[in-house]
Amino acid sequence: MKKILKALEFTGVILFLTVFFIACDKDFSSVESDVLGSGNSNILDNKFTGKITAYNKKLDSLQINNLTSALLGFYNDPAYGSTSASIITQVDPAIDNPSFGTNPKIDSVVLTIPYFSKIIGQDSLGNAIYSIKDSLYGNAPIDLKIYQNNYFLRDFDPSSPTDAQQNYFSKADGAIVGTDNHAITGSSTINFDNFKGDLIYRDSLFVPSNETIVLKTLVSDGNDEITRSSPRLRVKLDTTFWHNTIFEKEGQIELSNDNNFKNYFRGLYIKATPVNDQGNMILLNFGQEASTITIYYTSGETDLRTKDSYTLNLTGNRLNTFINNYSKVDLSNTNDDKLYLKGIEGSMAVVDLFGGLVDCDGDGNVDDDALECFRKNYLKLDDGGNYLDPVNGRRPLKRLINEAQLVIYEDETLNDEAHKYDRIYVYDVRNNLTTTDYDFDPTLNSSDPLSSKVISLGQRSTNNGGPKYKIRLTEYLNNILTRDSTNTKIGLVLSPNVNNTSSSRILNSNDTVTRVPSASMLIPRGTILYGATDNVPENKRMKLEIYYSEPKETN
C-alpha cells in the first residue's frame, strides 16, 4: 500500500509540473478545461498585464537574536558597499557541578562551529570532497579576534508585564562608533566593544577552508583512530584562560547550574574586521550540535593519568551584529524606478499588485479602484452588478486564472557572476506568511535550497531579454478573488535559503511591513531590480501577467 501511495504522489507531482510548464509557455496551445466544459474554453490569446506599484523600503533595527545561522566576516558588495558581521553568543555547560579529578591539566581547548557545506566528489581513497562556496562570500583574509564577552544577554524583557522574550535589534549604520558592534534592546543601545574581556584567540589572516577536518586519536592497542568531519571553523583557544575560568571554579556556585554559569561567564564576542579593506564572509551553522568549546585535559596521579574532556555548547542567546558602510548607494534616498534588495540590515521592495486607480469602465478617466476592477473582471455579477454570493466559501468566477506571474527584470549592468545564484523570496507582508503558491509548490529540495521551490519562486534566468525572475502568484490571486482576501501587498527580499520561512521583527515599524524573512538577514549580497514606474522602459518594467480562460459565447 505504501508503494502505491508513493507512486500516486510522484505521479501527482509530475502532472503538476507538466501542467505548470505548459501554462508557462509563451506559445499557448488550445487546452480543454474540465472546469468550463469540453469545447467551451479558450486560452489562446487571453493575457492581461496588470498595473502594479512597487517601492523601496529601507530596513533597520531588525531582530538579530537567536538565528539558527550567523554571518562572520567582511564583504564588500560591488553595488552597495561593505558590511562587517560579528557574533556575540552565550555558552552552556553540558553538565553541572563537574568534577575534574586530581590535579587536572588542560591539553587543549578547541572551538568548533560547522560551515554550511556539501559533498561534491570523492578523493582517490573514497573520502568526501566538500564545497563551501554557496555560503562563502569573498576569499581575502580577515582579522578574526575572539574575546570574552562581559555583557549579560537577558532571556526576558524586564519592561514587559508578561515576561516576554528579550529581543535584540540591529544598529548597523556606524553612526556611534564606526568600528564597534552595537545592538538595540528597544530602550537602550549596547556597544559590545565596551564589554570586551580577555582576548583568547586571534588570527590576523583568517580564511575559511573547505578541507575535511581529520583527527587522529591514539587508542589502547597503539593504533590511531581516524575521524573525518565536514569543513568547519576549528581553532585552539588559550588554555591558561580556560584553566582560570573553569577549572579554578570546580565545586563553586559558578558551575552549579546553567543560570549561575551564564551570569558568571557571559559568553564570547567573535569579532571580524577587514584587512586592507578586503575580506571574506562565511555563514556559520549554529544549528548543529557540533558547535562547541571542548576542553581536553588529563587528571590523576603522575603514573596513572587519564584523559577526559569537558564541553561547553554554543547555545542560549546569540546575536549577529553588523556594521554597514553603504558607500555606493544611499538606501534612504532612492526613487522607485529601481528597487534595491540588500541583505542583512539593508533594503527590500514592496509590491502592491492592485495599487492606485485605473480606467476600469473605459470612460477615459483613471478613477476606478484597481482591486475592485480586477474583481469585477473575474467574478460573476448579478443583473444589478453585484457579486454573486459565495458557494462553498468561494465566490463564482466568470474567468479562470490559469497562470499569474510577477515578471521582474534585474539591472543588466550588475556583475552577472556575483548574482547568478541569487534567489528572490516572496511573502505576504500583512500576515508575514508564505504565499499560497509557495505552500502548494511540490519542488521542495531540503538539501539544496538553490534548487528548491522553483515553481513558485522561480530561478534567475538570463534568457530572452536579460536577467529576470518569474514569481508565480496564481493561487494568491485566486484567493483574492474567491475568498475576498485583501492581501494585495507582497514583499521581495534576497534569500540564501528559500526553505527558511521564519521571520524576524522590525523594531517600531510604522507601516505595513512589521517583519522580514530571517533568511534575508543572512545574505550579505544585494541586487538591483527595475521597478514598475512609467520611467522604466517597457521591456524592463516589472509587470503582473495573468493568463486566463473564459467560456466561449454561444449563439
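The values are calculated or read from the model by the stated rules, or taken from the named source; none is laboratory data. Fair warning: this is a prediction, and the values are worked out from it, not measured in the lab. Using ideal geometry, Cβ is built from the backbone for each residue, glycine included, and neighbour counts are taken over all protein chains shown.
Quick rundown of the values:
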item	result
Some residue of the stretch 174-183 being farther than 30 Å from THR239 by Cβ, surrounded by fewer than 16 Cβ atoms within 10 Å (Cβ to Cβ), more than 22 Å from the chain's Cα centre (by Cα) and β-branched (Val, Ile, Thr)	yes
Exclusive hit being without any contact (Cβ under 8 Å) to a residue 60 or more places away in the chain and either of a type in the set (Gly, Ala, Ser) or more than 30 Å from LEU381 (Cα to Cα) (or both), set SER452, SER447	SER452
Of all residues in the stretch 514-555 being surrounded by 15 or more Cβ atoms within 10 Å (Cβ to Cβ) and acidic (Asp, Glu), the one that is modelled with the lowest pLDDT	GLU550
Count of residues meeting criterion [at pLDDT below 90 and over 23 Å from ASN432 (Cα atoms)] in the stretch 332-364	12
Count of residues meeting criterion [under 24 Å from SER447 (Cβ atoms), touching a residue at least 60 places away in the same chain (Cβ under 8 Å) and among the hydrophobic types (A, V, I, L, M, F, W, C)] in the stretch 107-127	2
From TYR438, TYR425, residue being of a type in the set (Phe, Trp, Tyr), within 18 Å of the chain's Cα centre (by Cα) and not in a strand (DSSP E or B)	TYR438
Hits in the stretch 463-491 (condition: among the small types (Gly, Ala, Ser) and either under 11 Å from LEU406 (Cα atoms) or surrounded by fewer than 20 Cβ atoms within 10 Å (Cβ to Cβ) (or both))	GLY465, GLY466, SER485
Flag if LYS249 is outside the structural domain of MET521 (by TED's automatic domain parsing), among the basic types (Lys, Arg) and surrounded by fewer than 19 Cβ atoms within 10 Å (Cβ to Cβ)	yes
Residue in the stretch 471-489 that is touching a residue at least 60 places away in the same chain (Cβ under 8 Å) and under 20 Å from LYS338 (Cα atoms) present	yes
Residues that are in a loop (DSSP other than H, G, I, E, B) and of a type in the set (A, V, I, L, M), drawn from the stretch 56-108	LEU59, ILE64, LEU67, ALA79, VAL91, ALA94, ILE95
Number of positions in the stretch 455-470 that are in contact (Cβ under 8 Å) with a residue 12 or more places away in the chain, over 25 Å from ARG399 (Cβ atoms) and part of a loop (DSSP other than H, G, I, E, B)	7
Enumeration of residues in the stretch 210-259 that are among the polar types (S, T, N, Q) and either at positive phi or assigned to a strand (DSSP E or B) (or both)	THR217, THR227, SER229
Conditions (1) buried (at least 20 other Cβ atoms within 10 Å of the Cβ); (2) over 24 Å from the mean Cα position of the chain (by Cα); (3) closer than 30 Å to SER86 by Cα: number failed by THR294	(1)
Within the stretch 362-378, considering residues that are under 22 Å from ILE401 (Cβ atoms) and among the charged types (D, E, K, R), the one surrounded by the fewest Cβ atoms within 10 Å (Cβ to Cβ)	GLU372
Restricting the stretch 394-426 to residues that are touching a helix residue (DSSP H, G or I) at 6+ places or on another chain (Cβ under 8 Å) and among the hydroxyl-bearing types (Ser, Thr, Tyr), the residue that is surrounded by the fewest Cβ atoms within 10 Å (Cβ to Cβ)	TYR421
Residue within the stretch 274-288 that is outside the structural domain of GLU538 (by TED's automatic domain parsing), modelled with pLDDT of 95 or more, closer than 23 Å to ASN139 by Cα and in contact with a helix residue (DSSP H, G or I) (Cβ under 6 Å, 6 or more places away or on another chain) present	yes
Test result for PHE374, assigned by TED's automatic domain parsing to the domain that holds GLU248 and among the aromatic types (Phe, Trp, Tyr)	no
Test: residue in the stretch 268-276 that is more than 25 Å from ASN150 (Cβ to Cβ) and of a type in the set (Val, Ile, Thr)	yes
The stretch 263-278 residues that are of a type in the set (Phe, Trp, Tyr), paired with ones that are in a strand (DSSP E or B) (beta carbon under 7 Å, 6 or more apart)	TYR269/ILE88; TYR269/TYR147; TYR269/ASN149; TYR269/LYS196
Some residue of the stretch 189-202 being touching a residue at least 60 places away in the same chain (Cβ under 8 Å) and within 30 Å of ILE129 (Cβ to Cβ)	yes
Qualifying position, being of a type in the set (Gly, Ala, Ser) and either modelled with pLDDT of 90 or more or within 19 Å of the chain's Cα centre (by Cα) (or both), among GLY466, GLY458	GLY458
The stretch 134-151, subset part of a loop (DSSP other than H, G, I, E, B) and touching a Phe, Trp or Tyr at 6+ places or on another chain (Cβ under 9 Å), residue nearest to SER520 (Cα to Cα)	GLY138
